[in-house]
Amino acid sequence: MKKITLLLSFIACVGFMQAQTLLVENFDYNANTVLLGQGLWTVTGTNTAAPLVNVTAKSISYASYPGSEIGNEVTLTNGEDLYKNFTAQTSGAVYVSALVNIKVAPANGDYFIHFGPTDMAGNAYIGRTFVKADASGKIIFGLMQASSGTTTYSTETFDIGSTILLVLKHDVVTKTSSIIVNPSMTTEPATGWLINSTGNNSTANIGSIGLRQPSASAALDMKLDGIRVATSWSALFSTTGVSNANTNSFKAIVSGKNLMLQGVKEGAAVEIYSAIGS
């Protein structure tokens, strides 16, 4: 436990920032290691098929993105699936952003990231985000419509090997998922979303993010980095608040005039702001 002496007026803001930014994953682990077991990443179901999800040296970046140029990245190919929990949400919207760079995309498409309930219980994969190669050799993104099992793809194409900022949004109440690619990070776009209008969600909450590696028959070679999960657009791209809380067990405990922080990685930088921004 790390103990820091601070004014009591700071406490409320710590709780606010933690509630808004649910997860920050910059894969700040050693390169050439297995992701499973690090940062509370857990196998989804029983799929432990090789190849495993591996942490690899950083090679992608995206200008002004808070998760760029920090830590390392992961490589997704075909095999093991993993998930990581965050504070469960039962109302409002949940957003996840990530950087992706796709070297090879499945010709028939497959999904690589999605939400789920806490502990990814019941194989309830929400907002399954797909990618596939089109006839021109470029890539397109899509969303599975959960009620029908079909996938709707965007008409916008992107170059193989380009680094892309992807945002997946899920409205917990209306059970609607949406994705957008390379959006403005300052204001949530009103247009440009690919809407999964028939999506549904029978889960009790949204409390995890999943990484999927498809079967060997759906060739994939992708770099993925800078996962951020939040309950608002501004928090999703905020550069302030609690950073690198990889354990997802962050707690702020007050004792007299002392603020004790639990669940922060040893040596991590923690920024705490008062209600007036000090």
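The values are calculated or read from the model by the stated rules, or taken from the named source; none is laboratory data. Note that the structure is a prediction, hence the values are computed from the model and not measured. As a convention, Cβ positions derive from the backbone with ideal geometry for all residues, glycine included, and neighbour counts pool all protein chains shown. The accessibility values were calculated without ligands, DNA or RNA, using every heavy atom of the protein model including side chains. Shrake-Rupley method; radii C 1.70, N 1.55, O 1.52, S 1.80 Å.
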Scanning the range 200-225 for residues that are over 24 Å from LEU52 (Cβ atoms) and over 19 Å from the mean Cα position of the chain (by Cα), the one modelled with the lowest pLDDT turns out to be ASN200
Listed by first then second residue, the pairs whose first member lies in the range 119-139 and is closer than 18 Å to ILE102 by Cβ and among the aromatic types (Phe, Trp, Tyr), whose partner is assigned to a helix (DSSP H, G or I) and open to solvent by less than 10 Å² (accessible area, probe 1.4 Å), with beta carbons under 8 Å and at least 6 positions apart or on separate chains, are none
(1) open to solvent by 30 Å² or more (accessible area, probe 1.4 Å); (2) at pLDDT 95 or above; (3) in contact with a Gly (Cβ under 9 Å, 6 or more places away or on another chain); (4) not acidic (Asp, Glu) all hold for THR247 apart from (2)
Okay, strands (runs of 3 or more DSSP E) sitting entirely in the range 18-97 with 1 or more residues that are within 19 Å of TYR125 (Cβ to Cβ) and either open to solvent by 60 Å² or more (accessible area, probe 1.4 Å) or at pLDDT 95 or above (or both), I get 21-25, 73-76, 82-89
